[in-house]
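Participant: Below is one structure. I have some questions about it.
The values are calculated or read from the model by the stated rules, or taken from the named source; none is laboratory data. What you see is a predicted model, and the numbers here were worked out from it, not measured in a lab. All Cβ positions, glycine included, derive from the backbone under ideal geometry; neighbour counts span all protein chains shown. Ligands, DNA and RNA are excluded from the accessible area calculation, which covers all protein heavy atoms including side chains. Shrake-Rupley method; radii C 1.70, N 1.55, O 1.52, S 1.80 Å.
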Amino acid sequence: MPASAIDLLIRNVRVVACTDDDCAVSPPGFVAIAQGRIVGIGPIAHLNPQASVHAELDGEGALLTPGLIDCHTHLVYAGDRAHEFEMRLKGTSYEDIARAGGGIASTVRHTRDANPLDLQAQSARRLKSLMRHGVTTVEIKSGYGLAQRAELKMLQVARALGQQFPVDVRTTLLAAHAVPQEFTGRADDYVSEIVEHILPEAARLQLADAVDAFCENIAFTPAQTRRVFEAARAHGLPVKLHAEQLSNQGGAALAAEFGALSADHLEHVDEAGVRALATAGTVAVMLPGAYYFLRDTQAPPIALFRRHGVPMAVATDCNPGTSPGTHLPLMMNMACTLFRMTPAEALLGVTRHAARALGLLDSRGTVELGKQADLCLWDVDHSAELSYAIGGSPLRARIQRGVQHPL
Ligand code: DI6
Ligand code: FE
């Protein structure tokens, strides 16, 4: 056990390390942190009495889990679409709204017009809410700029949020989210703009950690998605994909072919697609907030993911059109109630498997020696309570890189 300096000693916690598939809880013990990393875990009797301890936190028997990881968000955007929500409740369809210039196009207009500081301030509200509910690492996509300057602005704002707040931000270029109005009827030309200009510039400025696309009949075809993926590969960037959300386009197999980190949504994936994900080791990301908000009826095939050993993550998909949510434990509840995932699967979905979906499993996602000390303390008796509560807030403390931050 740690011989010398401990920066933070957390005593009297029951650790859910998330290293096993049952999310087993250990008896009360300690977690020791030095230089932002976990350097000791175990019963208090194993703590080296010679260790110099800089600060202590008494967990009072609370449950300690890895910090939560939201591996799929579009949280940087300007404006809101509450008015469209009201219109939809009165019977106007999502498509009608889009045809009248609303939908994604309206968020694109607001986001293009926003100055970076204003965009950052609006997005910060959503990020702070995620953090209040336990998030220590968050993925943020572009995709409401749909032109070079605005896409880069979104990624810069995402990076700036990671500097402003004690949370790790991973950025994803999603220029292939929708065809912008100035390219109507010329989707292939817009894809050329992405692969020849937007993506190379984002890579050159190191603004993107990954590349995503929306492969769907209302967005980009598999052939167009392939072009985006080939450009990502040429620039050494990993890929992920919005796949099979509304229809089966073979997106999961395409993602798997490119060794994607994750394939997300997947309501309409078939067994061949699931098999391809399993072979490639691609994570399936469940987004129950979008399923709920769109009142979808076809749930993703959880039993098939289980049977083929595809790891499942759970994320908020925080976006103004289909999942205006910033509460990751609520998404765990929805993954259980709507998709029939188990609470243990839901917890792994926002920890270990979410880390893998971002290519970050080496540094986080479990409570293990050597990992980054991103931790949450919860006032609950059982880990299943994290999924059981509908929108509860049992978070007692949030520690990021070894430092406890006010909630
Ligand atoms: N799938 C979705 O459900 C959202 N984006 C995506 O790729 C919709 C985003 C929006 O309506 O603003
Ligand atoms: Fe999404």
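Participant: Hey, can you tell me all the residues within segment 166-204 that are open to solvent by 10 Å² or more (accessible area, probe 1.4 Å) and touching a Lys or Arg at 6+ places or on another chain (Cβ under 7 Å)?
Facilitator: VAL169, VAL195
Participant: Residues in segment 257-301 that are within 24 Å of VAL138 (Cα to Cα) and among the β-branched types (Val, Ile, Thr): how many?
Facilitator: 3
Participant: Same structure, new question: Check whether at least one residue in segment 117-126 is open to solvent by 40 Å² or more (accessible area, probe 1.4 Å), within 16 Å of ligand 2 (Cβ to nearest atom), of a type in the set (Ser, Thr, Tyr) and over 30 Å from CYS23 (Cβ atoms), and report yes or no.
Facilitator: No, there is no match, as no residue in segment 117-126 is open to solvent by 40 Å² or more (accessible area, probe 1.4 Å), within 16 Å of ligand 2 (Cβ to nearest atom), of a type in the set (Ser, Thr, Tyr) and over 30 Å from CYS23 (Cβ atoms).
Participant: Something else now. Tally the residues that are assigned to a strand (DSSP E or B) and within 14 Å of ligand 1 (Cβ to nearest atom), restricting the search to segment 132-146.
Facilitator: Residues meeting the conditions: 3.
Participant: Kindly provide the set of residues from segment 159-183 that are in a helix (DSSP H, G or I) and either within 14 Å of ligand 2 (Cβ to nearest atom) or closer than 29 Å to GLU95 by Cα (or both), ordered by number.
Facilitator: Passing the criteria: GLN181, GLU182, PHE183.
Participant: Can you confirm whether GLU230 is surrounded by fewer than 22 Cβ atoms within 10 Å (Cβ to Cβ), more than 24 Å from GLY391 (Cα to Cα) and of a type in the set (Asp, Glu)?
Facilitator: Against the criterion (surrounded by fewer than 22 Cβ atoms within 10 Å (Cβ to Cβ), more than 24 Å from GLY391 (Cα to Cα) and of a type in the set (Asp, Glu)), GLU230 qualifies.
Participant: Could you please give the count of residues in segment 126-182 that are acidic (Asp, Glu) and under 13 Å from TYR77 (Cα atoms)?
Facilitator: The qualifying residues number 1.
Participant: So, of the residues in segment 205-227 that are assigned to a helix (DSSP H, G or I) and open to solvent by 10 Å² or more (accessible area, probe 1.4 Å), which turns out to be nearest to ALA355 (Cα to Cα)?
Facilitator: Taking the candidates together, the pick is ARG226.
Participant: Is one or more of the residues making up segment 303-317 of a type in the set (A, V, I, L, M), open to solvent by 30 Å² or more (accessible area, probe 1.4 Å), over 19 Å from ALA389 (Cα atoms) and in contact (Cβ under 8 Å) with a residue 40 or more places away in the chain?
Facilitator: Checked against the condition, which is being of a type in the set (A, V, I, L, M), open to solvent by 30 Å² or more (accessible area, probe 1.4 Å), over 19 Å from ALA389 (Cα atoms) and in contact (Cβ under 8 Å) with a residue 40 or more places away in the chain, segment 303-317 yields no hits at all.
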